[in-house]
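What follows is a single structure, written as structure tokens, with notes after it.
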Amino acid sequence: GESVGLHLPTLSVQEGDNSIINCAYSNSASDYFIWYKQESGKGPQFIIDIRSNMDKRQGQRVTVLLNKTVKHLSLQIAATQPGDSAVYFCAVNAGNNRKLIWGLGTSLAVNP
Amino acid sequence: EAQVTQNPRYLITVTGKKLTVTCSQNMNHEYMSWYRQDPGLGLRQIYYSMNVEVTDKGDVPEGYKVSRKEKRNFPLILESPSPNQTSLYFCATSGAANEKLFFGSGTQLSVL
């Protein structure tokens with residue numbers, strides 16, 4: 001079946017460093033990709049999205065990179081701050097009904 | 001302010017006692033959805049609704065019911081809760097199916 005996977009369930013970085021969170025997907029027909037941030041005790045919060053007609057999209061301190069050839073998606077966070085500590089999820093649309101398939105999440109810990 | 005409001009935030013109940021978790025959105029969105037989140041399993045879709053009076057099963061619909069009588073409300077009903085329905089539940093909404101979702105703050109349900 002279709003799947004969305006992450007390479008690392010946990011990631012620990014030093015404050016001020018850049019963070020890279022990865023996601024792999026299986027369906028080459030997927031054309032919409034989203035990253036969410038979930039802080040403890042809260043619902044997932046939209047960070048950034050990208051469509052398959054783009055390779056890169058930038059937001060405030062975040063960049064999403066899409067490599068359709070290898071079906072890989074990454075989220076880069078510049079100058080990581082303690083407030084960035086959270087679980088990050090990627091979601092990918094797939095299948096005939098274009099439903100969102102969710103990854104299991106990467107827990108990012110920012111060390112002061 | 002755009003909001004997705006779930007109630008209650010926390011609920012402890014006993015096996016077999018019917019309960020309803022309410023969800024309301026003020027964004028005039030057509031698409032609404034319920035997810036449950038369990039450790040190691042990520043976000044799994046329970047039911048979704050494309051519009052008023054239109055509901056469909058997600059990946060894990062067993063033991064749940066929903067209704068969509070009005071655009072803004074999408075309650076989740078557990079007719080006879082069981083301990084395996086102990087979970088963190090999220091309501092979500094979007095302007096179009098399977099695009100950027102806005103999540104509520106979650107309902108932590110414990111069934112004893």
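Using a 1.4 angstrom probe on the protein heavy atoms only, could you order A:W102, B:W34 from most to least accessible area?
Working: A:W102 30, B:W34 0 Å².
Correct descending sequence by accessible area is A:W102, B:W34.
By its C-alpha gyration tensor, with a ≥ b ≥ c as the square roots of the eigenvalues, how is region A:1-45 shaped: rounded for a/c under 1.5, else prolate for a/b larger than b/c, else oblate? Don't skip to the end; give the middle numbers.
Values: a/c = 2.27, a/b = 1.59, b/c = 1.43.
Note, shape of region A:1-45 comes out prolate.
Please compute the net charge surrounding B:G58, taking Lys and Arg as +1 and Asp and Glu as -1 over other residues with Cβ under 10 Å from its Cβ. Mind dumping the intermediate values first?
Values: positive: A:K99, B:R36, B:R44, B:K57; negative: B:D56, B:D59.
Surrounding charge for B:G58 is +2.
The simple Förster model, with R0 at 45 Å and r as the Cβ-Cβ distance, assigns B:E53 and A:N18 a FRET efficiency of 0.40.
When you look at the Cβ of every residue in A:39-49, what mean number of other chain Cβ atoms sits within 10 Å?
On the way: counts 0, 0, 5, 5, 14, 10, 2, 5, 0, 1, 2.
Average neighbour count from other chains, rounded to a whole number: 4.
Taking A:L75, A:L104 and ordering them by how much accessible surface each has at a 1.4 Å probe, largest first, produces A:L104, A:L75. If you take the accessible area of B alone, add that of A alone, and subtract the area of the pair, what total do you get in Å², probe 1.4 Å, to the nearest 100? Result for this pair: about 1400 Å² buried.
Estimated from the Cβ-Cβ distance and a Förster radius of 35 angstrom, the FRET efficiency linking A:R51 and B:R44 is about 0.90.
Using C-alpha pairs under 8 Å with a sequence gap of at least 6, the mean separation divided by the residue count of chain B gives a relative contact order of 36 percent.
Of all alpha-carbon pairs in chain A, indicate the percentage at a distance above 17 angstrom. It would help to have the intermediate numbers written out before the result.
On the way: 3127 of 6216 pairs.
So the pairs more than 17 Å apart make up 50 percent of the total in chain A.
Report, in listed order, any pair from A:K71/A:K99; B:K17/B:K71; A:K37/A:K99 with a Cα-Cα distance greater than 23 Å. Exceeds cut-off: B:K17/B:K71.
The values are calculated or read from the model by the stated rules, or taken from the named source; none is laboratory data. This structure is a prediction, so every number in the text was calculated from the model and none was measured. Positions of Cβ are backbone-derived with ideal geometry, glycine not excepted, and every protein chain shown enters the neighbour counts. Quick note on the areas: whole protein, heavy atoms, side chains included, nothing else; ligands and nucleic acids left out. Shrake-Rupley method; radii C 1.70, N 1.55, O 1.52, S 1.80 Å.
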